[in-house]
2 protein chains.
Amino acid sequence: MSTVENPADKTGAPAPVGPAAPATLHDVAREAGVSLATASRSLNGSTRRVADAYRDRVLAAAAKLDYSPNLSAQAVARGSTMTVGLVVSDIADPYFSSIAAGAMRVAEESGLVVTMAVTGRSPERELEIVRTLRGQRPRIILLAGSRSQGSAVRDALIGELQSFEASGGRVVMISQRDLPFATLSLDNDDGAFELATTMAGFGYRRFAVIAGTANVRTSLDRVDGFRRGLLAAGVDSETVVVETEFTRDGGYDAGRRLLERGLDDIELVFAVTDVMALGAMAAFRESGVEPGRDIAVAGFDDIPTVRDVTPALTTVRAPLVDIGERAVRLALGDDFDRASVDAVPTTVVVRASTPRR
Amino acid sequence: MSTVENPADKTGAPAPVGPAAPATLHDVAREAGVSLATASRSLNGSTRRVADAYRDRVLAAAAKLDYSPNLSAQAVARGSTMTVGLVVSDIADPYFSSIAAGAMRVAEESGLVVTMAVTGRSPERELEIVRTLRGQRPRIILLAGSRSQGSAVRDALIGELQSFEASGGRVVMISQRDLPFATLSLDNDDGAFELATTMAGFGYRRFAVIAGTANVRTSLDRVDGFRRGLLAAGVDSETVVVETEFTRDGGYDAGRRLLERGLDDIELVFAVTDVMALGAMAAFRESGVEPGRDIAVAGFDDIPTVRDVTPALTTVRAPLVDIGERAVRLALGDDFDRASVDAVPTTVVVRASTPRR
DNA sequence: TAGAGTCTGGATAGCGCTTTCCCAGTCGCT
DNA sequence: AGCGACTGGGAAAGCGCTATCCAGACTCTA
């Protein structure tokens, strides 16, 4: 904002007009012929009343000068901001964008500004992001899709977040329930359990699971829940597990690996996320194995698109938007408890990809 | 950040320990036994050198106190920020989340912090968002999916953005090319044109178009381009146009309306966005009209999921992530031209939803 | 050995805003 | 008339930080 200011320029040549600095509150006050204090009080709801005559003059001056209060300056003066930091793994992933949509909705509703960052699933990047986020002094930091099992980076992240909390910030983790912060998690275990029993009830007996990499809690919980469900349903056959990336292409890749291995002894493939299931279905179909007919497929999350694919995907519905909303409401609550662990219930949604046998 | 500070409390009762204010640079300087200036110089790359002995002491003190620079204060002192404001219609929509992903990637690459806001497709909301965004004094404001044809709100929006530019900010519009700002648009017209001629080449002669509401430029361009293409290909039959919301459900609704009207004289339905096409396909299928067999369907954008639906959707590929990246690169460029209008080329992608006749 | 440069710390004046604190004016009472 | 209790404007002290300016300590050259 370096303004070229050269009142002594008498050359007649047009002064190189740099960007004019935006009007300050001072400018408004001068224009209105009132003090700084009065201008400030008029333009934001302070506790103090301002006589209408004065206020109108200030408002008019502000409009005339196109005044826009400098939020950074306000933050400094007030010692607090109206910001919430949202960090997700990948905003193009419907899982995260749905959560983000919910979070942003209630944040904006509450007059909060959302600053968002993407980790690309890198713990180092996540740490770095939280560091700079902390510099913003947000009211809330929301972490969705965090991951980092017992590493130095993880400890640093925890430390960073704890410092943040120590200075009055609030952090909410979404679906990473083994970090020492308020957590809003899906009922991954139960959802997968119920999916398994339901599928067993449909007559399926032999399963494969497409899982995420082992350091991701969400994946572990879903796999475990599924296994428990099978056990509970009396399924005793071995379940094949394939590990892969948490993306559509990861699922595709896992699908290919299953194909190579041979699908003869597998009746149903459970992918721990819908996007992975989608990828796997694509791989199957590409090889002439028709999902829903030759092999059943189920996912988890119920992202919007899975009802529009063919066959429509059986999955476990996670109220993603709702989770985003709840996360910020939780953080905003008067009775915020930094140790609370809420699990949002999930429900099995049966669709055409898993016909009864 | 109201800290309870009561050193005189001798009651023995544990002082109600409010959140401790985060360490300030002042604290660090004191801890390190140096001046504020030296501390500041050590902790950010200032032009001035500071002797290693001093710097190390400062760094150690900062680490010990868990210091995190207050970005707002820096912004105020420096008179500039490292922020970019990104406003989209709906972050859960893959169209926008892809653009956002691209934009965020290069923003973070450049050390910029992204603050994002969602308009929900409301012009009023958009205006309000831009107002508060301006208060952040971001370096850049990126508007994706803006809409507002000739209203008072539109004028206010333009005014707001112009004030922003006047004070050195940069604004880039994505795919809303008739606002007086630098614009990065898709080659909507050409893409639709080519889709039309390709489809005519496949033997289709009778078309329906699912369009967005009339005040959205992108929709208009796509419809016009499609019409021009048909004309150029010598198609002379009347094209049915249905207007609807820019969402999956809007598409579904339009599909239903087409079904009610009767599909006998229609061979191919072109929806101006993929999400709308997806909705329409769902409606068709629900009524026993099989897309790709009983009726051809084509979309626009090539969002990730459309290759995974069945039949895979013929569409016009828009390099969405790329657009997001280019938008912020454009804004960051030394040779930024606030009047530039770039159109990103699109390519027709033929898939199973539009078999040759 | 002076005089002119360089370095590099420290003091300090802001940045744009909020929020005490002070004070003059007005009101309602006795 | 006299006096406490409001009201509401203005001066000014910060908020946490940067950047300018100054001063002392060195290093060079002539």
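Can you tell me how many residues within the range A:92-111 are of a type in the set (Gly, Ala, Ser) and more than 7 Å from chain B (Cβ to nearest Cβ)? Walk me through it before giving the result.
Going residue by residue through the range A:92-111, those that are of a type in the set (Gly, Ala, Ser) are A:92, A:97-98, A:100-103, A:107, A:110-111.
Checking which are more than 7 Å from chain B (Cβ to nearest Cβ) leaves us with A:102-103, A:107, A:110-111.
Qualifying residue count for the region: 5.
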Revision key, fill the gap. Contact list, first residue from the range A:271-282 and more than 8 Å from chain B (Cβ to nearest Cβ), second anywhere and open to solvent by 10 Å² or more (accessible area, probe 1.4 Å), beta-carbon distance below 6 Å, six or more apart or interchain, is A:275/A:248
Review point. Within the range B:61-79, which residues are more than 9 Å from DNA strand C (Cβ to nearest atom) and at negative phi?
Key: B:61, B:62, B:63, B:64, B:65, B:67, B:68, B:69, B:70, B:71
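Report, by residue number, each residue of the range B:238-259 that is within 14 Å of another protein chain (Cβ to nearest Cβ) and part of a helix (DSSP H, G or I).
Those that are within 14 Å of another protein chain (Cβ to nearest Cβ) and part of a helix (DSSP H, G or I): B:248, B:249, B:250, B:251, B:252, B:255.
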Check your understanding: Within the range A:63-74, can one find any residue that is open to solvent by less than 10 Å² (accessible area, probe 1.4 Å), of a type outside the set (Gly, Ala, Ser) and facing chain B (nearest Cβ under 8 Å)?
Key -> no
Check your understanding: Could you say whether any residue in the range A:274-293 is modelled with pLDDT under 95 and under 17 Å from residue A:316 (Cβ atoms)?
Key -> no
Exercise for review: Name, by its number, the condition in (1) open to solvent by less than 50 Å² (accessible area, probe 1.4 Å); (2) within 11 Å of DNA strand D (Cβ to nearest atom); (3) closer than 30 Å to residue A:327 by Cα that does not hold for residue A:77.
Suggested key: (1)
Review point. Out of curiosity, is residue B:220 open to solvent by 10 Å² or more (accessible area, probe 1.4 Å), within 11 Å of residue B:272 (Cβ to Cβ) and in the same structural domain as residue B:294 (by TED's automatic domain parsing)?
Key: yes
Point to revise | Leading residue by the ranking (farthest from residue A:209 (Cα to Cα)) among those in the range A:257-273 that are among the acidic types (Asp, Glu) and modelled with pLDDT under 95 | key: A:264
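This table checks each residue for (1) assigned by TED's automatic domain parsing to the domain that holds residue A:224; (2) not charged (D, E, K, R).
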| position | (1), (2) |
| --- | --- |
| A:164 | no, yes |
| A:167 | no, yes |
| A:170 | no, no |
| A:180 | no, yes |
| A:201 | yes, yes |
| A:204 | yes, yes |
| A:208 | yes, yes |
| A:211 | yes, yes |
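The rows are residues; the columns are (1) buried (at least 24 other Cβ atoms within 10 Å of the Cβ); (2) within 16 Å of residue B:301 (Cβ to Cβ).
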| site | (1), (2) |
| --- | --- |
| B:234 | no, no |
| B:238 | no, no |
| B:247 | no, yes |
| B:253 | no, no |
| B:259 | no, no |
| B:262 | no, no |
| B:269 | yes, yes |
| B:273 | yes, yes |
| B:276 | yes, yes |
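Of all residues in the range B:165-174, which are closer than 21 Å to residue B:324 by Cβ and open to solvent by 10 Å² or more (accessible area, probe 1.4 Å)? Don't jump to the end; show me each part of the working.
Of the residues in the range B:165-174, the ones closer than 21 Å to residue B:324 by Cβ are B:165, B:169-174.
Answer for the range B:165-174, where residues must be closer than 21 Å to residue B:324 by Cβ and open to solvent by 10 Å² or more (accessible area, probe 1.4 Å): B:165, B:170.
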Practice item. Scan the range B:112-138 residue by residue and report those that are on the phi > 0 side of the Ramachandran plot, within 9 Å of chain A (Cβ to nearest Cβ) and surrounded by fewer than 24 Cβ atoms within 10 Å (Cβ to Cβ). Key: B:120
Point to revise | Selection count, the range B:225-250, where residues are under 21 Å from residue B:89 (Cβ atoms) and of a type outside the set (A, V, I, L, M, F, W, C) | key: 7
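Out of B:92, B:100, I need the residue that is among the small types (Gly, Ala, Ser) and touching a residue at least 12 places away in the same chain (Cβ under 8 Å). Which one? Show your work before the answer.
Working: B:92 fails: touching a residue at least 12 places away in the same chain (Cβ under 8 Å).
Only one candidate passes the filter, namely B:100.
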Point to revise | The one condition in (1) within 16 Å of DNA strand D (Cβ to nearest atom); (2) in contact (Cβ under 8 Å) with a residue 12 or more places away in the chain; (3) assigned to a helix (DSSP H, G or I); (4) more than 25 Å from the chain's Cα centre (by Cα) that residue A:69 fails to fulfil | key: (3)
Review point. Does the range B:75-91 include one or more residues that are of a type in the set (S, T, N, Q), farther than 15 Å from residue A:117 by Cα and at the interface with chain A (Cβ under 9 Å from one of its Cβ atoms)?
Key: yes
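Please specify each residue of the range A:146-159 satisfying the condition of being more than 14 Å from chain B (Cβ to nearest Cβ) and open to solvent by 20 Å² or more (accessible area, probe 1.4 Å). Give the steps one after another, and end with the answer.
Filtering the range A:146-159 for residues more than 14 Å from chain B (Cβ to nearest Cβ) gives A:146-154.
Answer for the range A:146-159, where residues must be more than 14 Å from chain B (Cβ to nearest Cβ) and open to solvent by 20 Å² or more (accessible area, probe 1.4 Å): A:147, A:149, A:150, A:151, A:152, A:153, A:154.
Filter the range B:31-51 down to the residues that are out of contact with any Leu (no Cβ under 9 Å at 6 or more places or on another chain) and more than 8 Å from DNA strand C (Cβ to nearest atom) and list them by number.
B:44, B:45, B:46, B:47 - these are the residues of the range B:31-51 that are out of contact with any Leu (no Cβ under 9 Å at 6 or more places or on another chain) and more than 8 Å from DNA strand C (Cβ to nearest atom).
If only one of A:334, A:322, A:294, A:301 is acidic (Asp, Glu), closer than 30 Å to residue B:251 by Cα and surrounded by fewer than 21 Cβ atoms within 10 Å (Cβ to Cβ), which one is it?
Working: A:334 fails: closer than 30 Å to residue B:251 by Cα; A:294 fails: closer than 30 Å to residue B:251 by Cα; A:301 fails: surrounded by fewer than 21 Cβ atoms within 10 Å (Cβ to Cβ).
Going through A:334, A:322, A:294, A:301 in turn, just one is acidic (Asp, Glu), closer than 30 Å to residue B:251 by Cα and surrounded by fewer than 21 Cβ atoms within 10 Å (Cβ to Cβ): A:322.
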Review point. How many residues are within 10 Å of DNA strand D (Cβ to nearest atom) and either over 24 Å from residue A:167 (Cβ atoms) or away from chain A (no Cβ under 14 Å) (or both) when one looks only at the range B:41-62?
Key: 6
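How many residues, within the range A:204-215, are open to solvent by 10 Å² or more (accessible area, probe 1.4 Å) and of a type outside the set (S, T, N, Q)? Walk me through it before giving the result.
Residues of the range A:204-215 that are open to solvent by 10 Å² or more (accessible area, probe 1.4 Å), as a first pass: A:205-206, A:213-215.
Among the residues that remain, those that are also of a type outside the set (S, T, N, Q) are: A:205-206, A:214.
Residues that pass the stated criteria total 3.
The values are calculated or read from the model by the stated rules, or taken from the named source; none is laboratory data. A quick note: this is a predicted structure, and the numbers were derived from the prediction, not measured. As a convention, Cβ positions derive from the backbone with ideal geometry for all residues, glycine included, and neighbour counts pool all protein chains shown. To get the accessible areas, we keep the full protein, side chains included, count just its heavy atoms, and leave off ligands, DNA and RNA. Shrake-Rupley method; radii C 1.70, N 1.55, O 1.52, S 1.80 Å.
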